[in-house]
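What follows is calculated from the coordinates using simple rules that are stated; it is not laboratory data. The structure presented is a predicted model; accordingly, all values stated were derived computationally and were not measured. Please note: Cβ atoms are built from the backbone with ideal geometry, for glycine as well, and neighbour counts cover all protein chains shown.
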Amino acid sequence: MAEESGTKTIKSLDLSIGELFNQFYVVPSYQREYVWEQAQVEQLMQDIYEAFPESPQLDLSDYFIGSLVVCPADGVLELIDGQQRMTTAFLFLCAVRDHLVAVNAVPLDTIKRQIAATNVDRYGKETHRYRVELQYEDSLDILERIAKGEDSLNQIVKKTRSVDNLITAYHTLRLFLENEFHGAPDEIRRFYAYFIHNVKVVRIQTQDIAHALKVFETINDRGVGLDSMDLLKNLMFMRADKADFEKLKEKWKRLVDVLHDKEKPLRFLRYFIFATYDVERLREKEIYQWFVDNEERCGYAEDPLAFVDLLNKAARAYTYFVAGKNVDGSPNRYLDNLRYLSGVARQQLILLLAGRHLSIEDFVELSRQLENLFFAYIITREPTRQFERDFAQWAGELRGVKDREGLEAFLDLHFRPAKRELATRFELAFQELDEDSIQKYRMRYILGKMTQYINERAYGPQAENLGKFVEQKDVEHILPQSPPEEVVQAFDKPDEVEYYIHRLGNMTMLEESINRSVSNKRFEKKLTGYANSQFLLTKSVAVDPRVGDNTSINRAVEDLIITFDEWTSKSIERRQQMLAELAKKVWDMPESDEREG
């Protein structure tokens with residue numbers, strides 16, 4: 001578009017991620033820092049992954065992730081709006097590059113060019129630069145270090161909130177690739193191809209910063225577009241009698257209000273279909289057409305009001321389950337536990353919706369079993385599509401369960417065999433578990449759950465939920481995260497100290513007040529603090545908590561290593577093995593077939 005004299009033009013382009021990264025971008029110093037946390041990064045990748053076709057034979061559909069506002073400055077584009085998504089996309093390119101290297105796959109030259117290339121300034125000088133550069137001080141060049149492929153990110157001493165978020169985002173993206181594709185290079189390349197060709201943005205370009213800021217303000221002040229459920233709403237009105245329009249309008253508003261700002265409506269509809277109609281595979285883009293094609297099956301043609309009532313009841317239950325509650329709104333400790341475990345994952349809701357007709361007692365038992373199985377899937381890195389398909393396949397049988405006997409038969413048929421198949425991988429996962437192999441919030445869940453288990457065996461079921469052991473409590477690294485030189489040199493393997501710091505065996509939950517007192521001290525100086533902890537799993541590192549003969553406390557700690565005289569690499573490995581054995585009891589896992597044999 002040509003610019004007329006005195007006219008400030010706006011260029012709006014529909015671009016793929018690949019096209020977007022043909023140019024260079026800077027985030028100016030006046031912009032806020034990178035604030036996305038693990039949940040936002042996971043949500044973006046899961047949303048894209050859900051749109052990604054399972055096989056190359058299936059048709060491709062574009063996935064829109066939003067808009068960017070930019071303006072030109074010295075041969076690059078300044079990002080005025082969209083920094084979080086743009087930076088995350090750049091980190092994803094770095095993660096794909098590094099993951100392919102890690103699995104000994106042939107690197108892709110295209111990714112290298114999308115991460116960095118040469119640029120010619122207005123004086124004709126050619127310089128090598130990265131496609132995204134952060135100019136605000138808090139970034140401390142961490143994005144450049146990731147772009148270079150440095151592998152010592154955990155050893156950075158000086159950190160800001162932005163640095164922490166950027167490192168966490170990068171590790172989250174690496175975990176996503178490992179968990180969903182198990183390191184299979186062909187599938188990672190195919191997902192990368194989908195990401196650069198089919199993930200789209202709208203880039204709005206203005207002539208100067210002032211104009212760009214005005215466009216940004218206008219975009220954020222105006223109303224949102226069509227709701228994702230509007231087409232389904234229109235379908236209901238097409239089938240309803242005109243006299244019922246007002247009732248239907250009220251019922252639909254209630255449905256939208258229940259889901260508003262809590263859950264994605266399309267995800268709810270998709271899981272509702274899985275839980276209700278014996279459907280195993282359905283992509284979000286196919287939902288509306290599925291309702292059109294299954295009019296009689298759903299019953300909305302005959303009675304749209306009753307169908308919307310069914311949606312409302314399911315949506316209310318859905319949001320209760322996400323909040324850790326039963327269908328009647330009463331607390332459910334196992335659903336509450338899932339809040340700390342699941343992150344953005346919601347596949348468990350398929351079975352919870354299918355089982356919402358059960359008595360509260362049976363539903364709580366289903367929830368307990370589901371938490372254990374869901375965790376087994378997560379810790380063994382079962383691809384989400386696989387266990388989503390499992391849950392969709394099992395939903396029909398669960399709908400037919402009427403009592404505890406039927407529930408036990410259902411569990412015997414599906415849950416318990418699934419756990420037996422995962423048992424060997426479960427044990428190996430715990431033996432190798434460290435902070436780089438799982439999300440931070442899930443590591444807190446693991447340590448909190450094991451801590452709670454020991455305490456409840458000793459003192460009986462407590463009124464407090466898992467939050468007591470996770471929230472406002474610190475993950476204590478017995479060998480400190482940032483060890484002073486004297487601590488490093490006192491360790492038996494000083495050259496491998498970074499490896500052992502992040503092992504599960506080196507971590508425990510500790511009250512915040514005690515953690516402040518032990519700080520970065522040597523092991524022998526931390527023991528008094530550990531001894532004062534109310535958490536027996538932590539206390540037992542320092543002192544023998546047993547009292548009397550055959551007491552509940554003694555029985556609770558009988559499988560623990562009672563006190564450590566020193567803290568060496570062997571101590572960490574011994575405690576890691578102990579926690580791996582404890583984990584099987586905490587999550588009710590069977591022995592692996594290898595052990596039984």
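Under 19 Å of direct C-alpha separation, and excluding same-chain neighbours fewer than eight residues apart, Lys247 reaches these aspartates and glutamates: Asp230, Asp257, Glu302, Asp303, Asp309.
Between Lys402 and Gln489, what FRET efficiency comes out of the Förster formula 1/(1 + (r/R0)^6) with R0 = 60 Å and r the beta carbon distance, rounded to 0.05?
Details: r = 66 Å, r/R0 = 1.09.
The value I calculate is 0.35.
If a spin label sat at a point 7 angstrom from the Cα of Asp309 along the line to its beta carbon, the backbone N atoms of the range 253-284 nearer than 18 Å would be those of 253-256.
Would you kindly calculate the translational diffusion coefficient of the range 11-221, applying Stokes-Einstein with the Kirkwood radius from alpha carbon pairs, for 20 °C and a viscosity of 1.002 mPa s, and quote it in µm² s⁻¹ without decimals?
On the way: Rh = 17.8 Å.
For these conditions, the coefficient is 120 µm²/s.
Projecting label points 7 angstrom from Cα along Cα→Cβ for Thr319 and Glu512 puts them 3.0 nm apart.
Bridgeable aspartates and glutamates around Lys570 (alpha carbons under 13 Å apart, same-chain partners fewer than 8 residues away excluded): Asp492, Glu496.
Volume per residue for the chain equals 199 cubic angstrom (convex hull of Cα atoms).
Sort Ser12, Ser540, Ser571 so the one with the fewest other Cβ atoms within 10 Å of its own Cβ comes first.
Ordered by Cβ neighbours within 10 Å, fewest first: Ser12, Ser571, Ser540.
When the C-alpha to C-alpha distance is required to be over 22 Å, the pairs from Lys473/Lys521; Lys285/Lys419; Lys493/Lys521; Lys449/Lys473; Lys125/Lys200 that qualify are Lys285/Lys419; Lys125/Lys200. Taken about its Cα centre, the chain carries a charge dipole of about 740 debye when Lys and Arg each add +1 at the Cβ and Asp and Glu each add -1 at the Cβ. Listed by chain and number, the aspartates and glutamates whose C-alpha is less than 16 Å from the C-alpha of Lys584, apart from same-chain residues fewer than 8 away, are Glu371, Glu421, Glu427, Glu432, Glu558, Asp559, Asp593, Glu594, Glu596. Of the cross-linked pairs Lys242/Lys325; Lys233/Lys313; Lys11/Lys253, those separated by over 28 Å at the C-alpha level are Lys242/Lys325; Lys11/Lys253.
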